[in-house]
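Participant: I'd like to ask some things about the structure below.
Only the coordinates and a few stated rules stand behind these numbers; no lab work does. Here the structure is a predicted model, which is why all the values come from computation and not from measurement. Neighbour counts are summed over all protein chains in view; Cβ atoms, including those assigned to glycine, are modelled from backbone coordinates with ideal geometry.
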Amino acid sequence: MAARACVLLAYAVGLGGVAAGTWMLREGDLALAIVLWLVTFAVGAALMGISLLIRALSGILAQLTRLQSDVGVLSEDRARTAGGPAPGGRDPWLRH
């Protein structure tokens, strides 16, 4: 959701920057129009980069959650089938 919001903001900033730059160009201020276009491009690129990072982090978190669930199921299955650690032994699956 946040990634889509960043993309939407990037497009809105781009559209606003192009419109403002074009308006400045029509007024005869070429330097300000170019500055507006460059700033618009930089802000849009930054927002797209943030969107990419958010998507990457959410994918990593989803994989970690799935892995944690799988490890929990495997350790419960091991404890149920093996009957726990050997007497006097140390279970390598438990935290130290």
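Participant: Tabulate in residue order the Karplus-calculated ³J(HN,Hα) for the range 55-68, using 6.51 cos²θ - 1.76 cosθ + 1.60 with θ = phi - 60°, rounded to whole Hz; enter x for Gly and Pro.
Facilitator: 5, 5, 5, 5, x, 5, 5, 5, 5, 5, 5, 5, 5, 4
Participant: OK, next. By per-residue mean of other Cβ atoms within 10 Å, what is the highest-first order of 57-67, 24-34, 8-18? Write out the running numbers ahead of the final one.
Facilitator: Details: 57-67: 10.5, 24-34: 12.8, 8-18: 15.4.
Order by mean packing, descending: 8-18, 24-34, 57-67.
Participant: Distances over 14 Å make up what percent of all Cα-Cα pairs in the range 2-78? Show your work: numbers first, answer last.
Facilitator: On the way: 2045 of 2926 pairs.
Considering the range 2-78, 70 percent of its Cα-Cα pairs are separated by more than 14 Å.
Participant: While we're here: Step through the residues of the range 71-77 one at a time and calculate ³J(HN,Hα) from phi using the Karplus curve (6.51 cos²θ - 1.76 cosθ + 1.60, θ = phi - 60°), rounding each to whole Hz and writing x for Gly and Pro.
Facilitator: 5, x, 5, 5, 5, 5, 5
Participant: Additional query: If you plug each phi of the range 30-39 into the Karplus form 6.51 cos²θ - 1.76 cosθ + 1.60 with θ = phi - 60°, what whole-Hz ³J(HN,Hα) values come out, in order, with x for Gly and Pro?
Facilitator: 5, 5, 5, 5, 5, 4, 4, 5, 5, 5
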